[in-house]
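The values are calculated or read from the model by the stated rules, or taken from the named source; none is laboratory data. Given the structure is predicted, the values throughout are model-derived calculations rather than measurements. Neighbour counts run over all protein chains shown; Cβ positions are idealised from the backbone, glycine included.
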Amino acid sequence: MLRPSLTTAAVALLCTGAMAQTDIKSRLQTITAPVKSAGVYHVATGTWTRGTSMKQFGGIGTDTIYNNTCSPVYFTGMLSSETFAHRSRLPSTTSPTTASIFYSGTPTNGHEDDTPENDSAPGCANSYAVSGFQVAYCSSAAALIDWRYQFASNYTACGATDMIPQYTVDVLGLPGGTSPAVQQCWLVDVDISGGTGGSILLSADGDGSYSGAINTDEFGFSFRPLSTAVAGDFTGPIIAGDFTWTGGPGTVSGFLVPCTGTDGTIWNNPLEGLARVVGADNNPPEEGTGMGSADFFRDSGTVVSAPSGSGCYYFGGNPHADFWLGLFAEPNCAPPDPLAGFCFPNAGGTRSCPCGNQPVPNGTRGCNNFGKTPPSSGDPTTATGGALLTASGTVSQSTATSLVFHVTRQHPTPSGNITILFMGSTTLSPGVISGAGVRCVSGLLTPRPYKGQSVYDGGTPGTCNIDFPNAGLPPPYNQNAFTRSSNPPPGASRHYYAAYRNTAAGNNHAPCTSTAAFNLSNAGTIVW
């Protein structure tokens with residue numbers, strides 16, 4: 001059953017200092033049985049719905065806000081006296097966009113496309129009411145198994161203290177192995193809606209706001225078997241989550257592809273892995289590494305084969321020391337931007353801005369504009385932090401597409417600004433200097449790009465904004481997004497960026513001279 005613990009208001013606020021992890025790779029057990037779905041367990045009634053799962057995994061229900069399911073090759077056994085605790089991150093609205101440390105935007109290691117991918121992304125809320133979660137384990141015990149799962153909005157310790165839970169969920173009568181001692185592995189979705197305890201309310205980024213400081217932004221989860229479990233039962237959680245590991249027994253796992261921190265969640269780059277998420281071509285849902293997943297966990301209680309007793313442990317770096325977990329909620333987020341942004345200067349592998357004009361905040365838009373801040377009376381020129389290219393609407397391969405491009409926070413003039421939206425077939429990494437900005441798109445395509453007059457919004461500091469194709473030159477020049485993208489075939493990628501005047505850039509040091517008095521937005525990709 002679900003129940004707030006006696007310490008509902010308490011969260012672990014202690015930070016460990018210099019933390020050492022102890023290697024317990026010797027506890028790894030290879031998964032030798034297929035991981036089968038046991039169905040959905042309804043905590044409120046203690047009943048099952050077989051043959052289905054939560055939304056992101058093929059059934060109906062809620063959105064996936066956390067997904068740690070990548071590279072399931074091993075599990076590790078537990079005793080009834082042991083508790084494992086781990087920490088990861090749910091993104092708040094102030095969470096940064098952080099490019100993948102593994103995928104740079106070019107095909108690598110068999111990954112399915114060349115779309116830039118992210119390990120971190122902004123959330124759409126500062127707390128989430130979790131209505132269910134998904135776990136996975138293996139067992140050779142010839143009996144049913146009871147588990148206890150606990151959650152806290154903030155958990156910062158590993159080597160020093162146990163997690164102080166806010167919520168406890170007991171899941172009773174789960175399947176084990178088969179007699180005599182034959183391994184079975186199970187995937188269980190736990191529905192916690194409809195009970196007297198309600199949902200699990202987790203603050204995003206620990207306290208509702210991203211700080212970026214060490215040990216401040218993570219939620220915690222812990223678990224242990226309630227029923228009797230001995231070492232010989234080989235009962236324990238499936239180890240999952242991986243940023244870079246491509247190892248593992250090939251006969252068990254096959255070729256492993258590292259996952260990003262947003263894969264398989266609603267924070268995912270909408271272009272990357274889309275077919276797998278929706279189940280096209282009979283592909284399974286996309287695996288992911290939980291956002292901010294740490295490569296260590298706390299083992300407390302009577303610890304099996306652990307040389308240091310209760311403390312912080314890992315598996316030597318391979319595999320990643322985290323456990324299968326999915327979290328589900330209904331945050332009612334706005335539809336995702338269909339344009340996958342990249343080329344954010346001075347971040348994620350993109351080169352820095354050429355004239356010392358880094359974006360503000362860094363890594364969130366194009367290079368900063370040159371101008372006055374705040375604008376003086378009658379002179380709205382200002383530095384805006386940099387221009388941002390986004391999109392909205394539905395991408396469809398017809399002239400009826402509702403796709404619209406938006407360019408905001410351009411350098412303003414009293415009469416607005418001239419803005420050109422360029423389109424190319426290939427990407428450039430880490431980007432090249434272009435005016436006062438950075439260009440990451442090449443292979444420019446015809447028809448000629450959109451060109452339009454942006455509008456000064458009059459605010460402070462004041463910016464110029466424009467929408468394409470709803471603004472700009474009259475037809476037939478300003479055609480819809482599908483036609484202007486050269487009628488791309490299904491699955492084709494088109495890459496876009498905006499250029500606009502920034503006269504003040506010409507007064508700064510080289511290469512920002514009078515011949516380069518313009519600036520660029522970030523870039524973005526649409527898959528048609």
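Structural remarks
- Pairing residues of the range 405-433 that are at positive phi with residues that are part of a strand (DSSP E or B) and among the basic types (K, R), at Cβ distances under 7 Å and at least 6 apart in sequence or on separate chains, gives G431/R439.
- A single entry from N470, N487 fulfils the requirement of being loosely packed, with under 15 Cβ neighbours inside 10 Å, over 25 Å from A436 (Cα atoms), modelled with pLDDT of 70 or more and not acidic (D, E): N487.
- Within the range 93-104, residues that are assigned by TED's automatic domain parsing to the domain that holds G212 and modelled with pLDDT under 80 sit with their Cβ atoms under 8 Å from residues that are crowded, with 21+ Cβ neighbours inside 10 Å and not in a loop (DSSP other than H, G, I, E, B), at 6+ positions apart or across chains, in these pairs: A99/N118; A99/D119; A99/F342; I101/D119.
- Residues (under 16 Å from L428 (Cα atoms) and of a type outside the set (S, T, N, Q)) located in the range 337-353: A340, G341, F342, C343, F344, P345, A347, G348, G349, R351, C353
- In the range 490-508, the residues that are assigned to a loop (DSSP other than H, G, I, E, B) and either surrounded by 19 or more Cβ atoms within 10 Å (Cβ to Cβ) or modelled with pLDDT of 85 or more (or both): P490, A492, N502
- Of all residues in the range 166-179, one or more are out of contact with any Ser or Thr (no Cβ under 9 Å at 6 or more places or on another chain) and part of a loop (DSSP other than H, G, I, E, B).
- Test for S305: is it at pLDDT 90 or above, part of a loop (DSSP other than H, G, I, E, B) and over 19 Å from the mean Cα position of the chain (by Cα): no
- The set of residues from the range 128-145 being surrounded by fewer than 20 Cβ atoms within 10 Å (Cβ to Cβ) and under 21 Å from E287 (Cα atoms) is empty.
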